[in-house]
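Chemist: First the structure, which I've put down as structure tokens, then a few questions once you've had a look.
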Amino acid sequence: MTADLFDGLDDAPRRQDIAPGAALLSGFARANERELLAAIDAVVARAPFRHMMTPGGHTMSVAMTSCGSVGWVTDRRGYRYSPNDPDSATPWPKMPAVLRDLAQRAAADVGFAGFDPDACLINRYVPGAKMALHQDKDEADFSAPIVSVSLGLPAIFQFGGMARSDKPRRYELRHGDVLVWGGPSRLVYHGVLTLKDGEHPLLGRQRINLTFRKAL
Ligand code: MD3
Ligand code: FE
């Protein structure tokens, strides 16, 4: 790691365009981090994190839950959006307004005014967890962007191309960073490298990622 000009100036939010339709809003979610974390805690109290199984029979290292009118689930039957929490057969918790508002502000900043997410997936990484390169293509309407919010420990995000074999670029995602992916970038392959150990002042030894989607 080399020192850079921004060392010590990490608190200033800034925007980096990383591909057509894709932008990184560094620190965008920091201003109301405590409110966001309280809203996530309330969701998790009703719909706990669980390690889902892929259709191939592998248990995911990332633990997941959802809020909104639908949530993403995977099991031996396959992947899908479901209105119910499969563990409790009850509806997913409502999407807290503070979360929805953050996603809408970020999307509007990048040119996606009117983004109206119906699902918020909540991923929890502990050290050692990772997410392999994949495309997000279970949503009905690819004209809507995906907005992602990173909280807690930093992670290395991989941003590839339209083919799995395209060599990915790497970006570090830190606490409070928000990514917006739309337009030509909506279907690119992406993933998260194995989370390194560390201790975050608010979240301890974990990283939480929110992804807001228009699923139906
Ligand atoms: C680029 N989550 O939940 S978020 C996922 O950090 C997922 O937990 C990662 O990939 C995480 O599906 C990455 C950033 C992200 C999300 C969706 C994208 C980037 C994307 C969709 C298309 C292109
Ligand atoms: Fe994804």
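The values are calculated or read from the model by the stated rules, or taken from the named source; none is laboratory data. This is a predicted model, so every value here is computed, not measured. Here the Cβ positions follow ideal geometry from the backbone for every residue, glycine too, while neighbour counts run over all protein chains shown. Keep in mind that these areas ignore ligands, DNA and RNA; they rest on the heavy atoms of the full protein, side chains included. Shrake-Rupley method; radii C 1.70, N 1.55, O 1.52, S 1.80 Å.
Chemist: Among the candidates Pro201, Pro154, Pro145, single out the residue that is at pLDDT 95 or above and more than 12 Å from ligand 1 (Cβ to nearest atom).
Modeler: Criteria check complete, one pass: Pro201.
Chemist: Which one is surrounded by the fewest Cβ atoms within 10 Å (Cβ to Cβ), of the residues in the stretch 158-175 that are within 13 Å of ligand 1 (Cβ to nearest atom) and aliphatic (A, V, I, L, M)?
Modeler: Among them, the one singled out is Met162.
Chemist: I've got another one for you. I'd like the residue in the stretch 49-86 that is without any contact (Cβ under 8 Å) to a residue 40 or more places away in the chain and among the charged types (D, E, K, R) and, out of all such residues, is least open to solvent (accessible area, probe 1.4 Å).
Modeler: Asp85
Chemist: Can you say whether Gly111 is farther than 27 Å from Asp41 by Cα and either open to solvent by less than 40 Å² (accessible area, probe 1.4 Å) or part of a strand (DSSP E or B) (or both), as far as the supplied structure shows?
Modeler: Answer is no for this residue.
Chemist: Moving on to the next point. Would you call Pro91 open to solvent by less than 40 Å² (accessible area, probe 1.4 Å), in contact with a strand residue (DSSP E or B) (Cβ under 8 Å, 6 or more places away or on another chain), on the phi < 0 side of the Ramachandran plot and not small (Gly, Ala, Ser)?
Modeler: no
Chemist: Scan (1) crowded, with 18+ Cβ neighbours inside 10 Å; (2) assigned to a helix (DSSP H, G or I); (3) not charged (D, E, K, R) for the single condition Val44 breaks and write down its number.
Modeler: Unmet condition: (1).
Chemist: If I ask for residues that are assigned to a loop (DSSP other than H, G, I, E, B), within 15 Å of ligand 2 (Cβ to nearest atom) and under 23 Å from Pro13 (Cα atoms), which ones from the stretch 179-214 would you list?
Modeler: Gly182
Chemist: For the stretch 176-201, give me each residue that is within 15 Å of Pro127 (Cα to Cα) and buried (at least 21 other Cβ atoms within 10 Å of the Cβ).
Modeler: Listed by number, the residues that qualify are Val192, Leu195.
Chemist: Another question, if that's okay. Can you name the condition, by its number, that Asp136 falls short on among (1) outside any strand (DSSP E or B); (2) near ligand 1 (Cβ under 9 Å from one of its atoms); (3) touching a helix residue (DSSP H, G or I) at 6+ places or on another chain (Cβ under 8 Å)?
Modeler: (3)
Chemist: Still on this model: I'm told Asn123 meets every condition in (1) outside any loop (DSSP other than H, G, I, E, B); (2) farther than 17 Å from Leu203 by Cβ except one. Can you identify the failing condition by its number?
Modeler: Every listed condition holds for Asn123 apart from (2).
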